[in-house]
Every structure is written in C-alpha cells, then in structure tokens.
Amino acid sequence: MAAGPVDCHCHLSAPCFQPDVAAVVRAARQAAVAALVTVTEQAGEFRSVLELSDRFPGFVLPCLGVHPVQEVSPEEQRSVTLKDLDAALPLIELYKDKLVAIGEVGLDFTPRFASTDEQKEGQRQVLTKQVELARKLDLPLNVHSRSAGRPTINLLKEQGASKVLLHAFDGKPSVAMEGVKAGYFFSIPPSIIRSDQQKLVKVLPLESICLETDSPALGPEKQVRNEPKNVYIAAEYIAKIKGIPVEEVIEVTTQNALKVFPKLRNFLQENEFEKVTGLAERFVVLLFAFYMELKRRNWDQRKVTGCHSTSLSQCFPFQQVVIPPFVPQSWFSMDMSSLPALSTSHLFCPCNAVSHGTVKK
C-alpha cells in the first residue's frame, strides 16, 4: 500500500487547471502523494471529472455530487434547488462503480447564498436526497458545511449517514466533536497555517483527521492557486500543532482516508500493481531491443560486462542505436532501480565500448 498522503478533497476540473492539469498531476505524483480524491459541484462537471479519472487511473479518483451553492456565471452564484438534482442523480447511479464517494454535497448558510428559510430548506432537501442515494449505493459522502456546521452534522446523523468526510470544517470545535462521536472524519487543508482551523486541530483526535487541499482554493497563500502537492503543508502544520512527527500524521491520515473511502484501498492497490507490471513489461521489451541491437552489430558477447547503472540512458549509445518502432524513446530513461527483485546488473550492454556519462542522446 502506498505510504504517501491522500488529498481527500480537490477540484481538478476547475477552469484554472485546464491548461496544465497534467503538470499539476505530475507534480503531485513526484511529491509522492498517494491519490487525489476529486469532487464536483454540479452535473455539468461530471464528464470532466470522469475523463480525468480515466486519464489518470488509480490516482485521480472521482466523486460526483451537487454542491449547496450553484454557479450561474463567474460573477453570480445561488442556493441549490431540487431541480439541480434532475440531471445529476441518474448519472451518479450510472457511474456508481467508478466513484469513491458522492460529493461535494452539504449545506452552506452563508447569508449571501442562503438568507431565507426557504433557501435553507431547499439545501436541506437536496442534501437529504443525496444522503439517501449514498446509503442506497453504499457510498461515503464528501461534505461541505460552511456556516452550517451543526445543521449539517445533525442532518447527516438524522439521515443515518455513516461514512462521512467533513471538508474544511469552519464550525466550533465542540460541534466537530459531535461529528467525531458519530464516527465522522474532518479533512484539513493547507490554509490551516492562516486560519482558525488551528483550534479545531488541537481538539480533534488524529484518528479523526484526513488531509485535503481543496485545490485550487484554500492554499497557504490567499489569491494564489493551490495544488494537490501542497497537501504536505497541511500535514506539517498538523504535526507542529500535535507535537508529533509529520510521518506519523501522514501514516494515520492515510489510514483514515482508507476508512472513510473503503474503495480507495482497491484503487491504490490497482495503481501499485499497474506501476510494477508496467515497469516489468517495459523491462522485458527493452531487453529484447538490446538483444536485437547487439545481434545487429554482431558484438562479441564474451567481452560484454554487466551494467550496474540505474538508468539505461547512462550506458547505451543512443546516437548509434536503431530503436525498434514499438519502443518509445522515453523508456530508455526510466529508472530501473524501482523494479522489485530485479537489478540492471542483470542487463548486458556494451559498457566496455562506451564510457558511462560520455554518451548523449
């Protein structure tokens, strides 16, 4: 099982990520983030999140849901209504097997969005419908509760919601503890370094905490785009508050993520298996390519010595090689040391003829 942190709540389909989402995902992978749990806010986003999940399988894990605040335009937002569920609920059922949770759902009683009892009741109805669907499909809930901490937790308990992640909770720590008693988890974003959530983290047991970024929002700096790789900032600050090693925070919060999102374990295992088998397949193909090249040159294999490089590009003279069309050149720079129970010392290559470090592509 991957030991890195899990970003339990991010918005990879946000417009600001469209130009460079591959680079954002790559940066998270390189930082050893284990997975990105990606949420939606309205039915119009569902396709984008599912496409990202297909594009980055086993790493970008989708949640589909309808947020309590709906965007009419970049300048206008309104409180959700039951009509907003018409297109969403059938799609959630259709793609249930691909989902790790239903979300982002919840309540938002910020006055500019829900100033009337009618608007608040509309939000409650929408959340109730999605909780009922989550129970029917046996899926967890990824929950928003801005300015509505107690009403959200009360409704979830009344509706029998069992697996719940409350993201970026802004309610009182005493209210959060009611969620802890119900078995709910709370995810902490990098903005903790500048927010009142520090008080929340002091009270919450580590066994109830997960990590998130809420990318592109809630980063360490205001008005600066947040990214999933910044999940480590949240982990480090939690460690500072709790007075424990950051490694312990990452280990425990990742285990918590697996508890609140049971299907996450399967996705992570598939991701690890695909990484190992993918490297192994490349290893075999590259061995064959080496053999064919050696055969083409008719080198005396009795003089060939074992190569102890960690990358094929360190020893193979690319400017002279005829690379088979089925072998991508990028494969020659992969790190072979990550293959389990294998070593490049088992590769035979013309190191006696070419000095290491002197050959360039």
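In segment 197-259, if the dipole is taken from +1 on Lys/Arg beta carbons and -1 on Asp/Glu beta carbons about the Cα centre, which of Thr253, Ala239, Val224 is farthest to the positive end? Selected residue: Val224. A full extension of the chain between Arg124 and Arg26 corresponds to an added length of 31.5 nm, given 0.36 nm per residue minus the alpha carbon distance. Placing pseudo-labels 7 Å out from each Cα toward the beta carbon at Ser195 and Glu93 gives an inter-label distance of 3.5 nm.
For His9, the residues whose modelled amide H falls within less than 5 Å of its own, excluding neighbours fewer than 5 places apart on the same chain, are Val37, Thr213, Asp214.
By the rule of a C-alpha distance below 15 Å, with chain neighbours fewer than 8 residues away ignored, the aspartates and glutamates paired with Lys163 are Glu104, Glu132, Asp138, Glu178, Glu207. Subtracting the Cα-Cα distance of Lys202 and Gln255 from their residue separation scaled by 0.36 nm leaves 17.1 nm. Please tell me which of these pairs span more than 31 angstrom C-alpha to C-alpha: Lys181/Lys222; Lys129/Lys240; Lys199/Lys229; Lys136/Lys229; Lys129/Lys202? Listed pairs above 31 Å: Lys181/Lys222; Lys129/Lys240; Lys136/Lys229; Lys129/Lys202. In order along segment 128-135, phi translates into HN-Hα couplings of 4, 4, 6, 5, 4, 5, 4, 5 Hz, rounded to whole numbers, per the Karplus curve 6.51 cos²θ - 1.76 cosθ + 1.60 with θ = phi - 60° and x for Gly and Pro. Here the Karplus relation 6.51 cos²θ - 1.76 cosθ + 1.60, evaluated at θ = phi - 60°, turns the backbone of segment 213-219 into coupling constants of 10, 6, 3, x, 9, 6, x Hz, with x for every Gly and Pro.
Values quoted throughout were computed directly from the atomic coordinates according to the rules given, and no laboratory measurement underlies them. Just so we're clear, the structure is a prediction, and the values are computed from it rather than from any experiment. For neighbour counting, all protein chains shown are included, and Cβ atoms are generated from backbone atoms with ideal geometry for every residue, glycine included.
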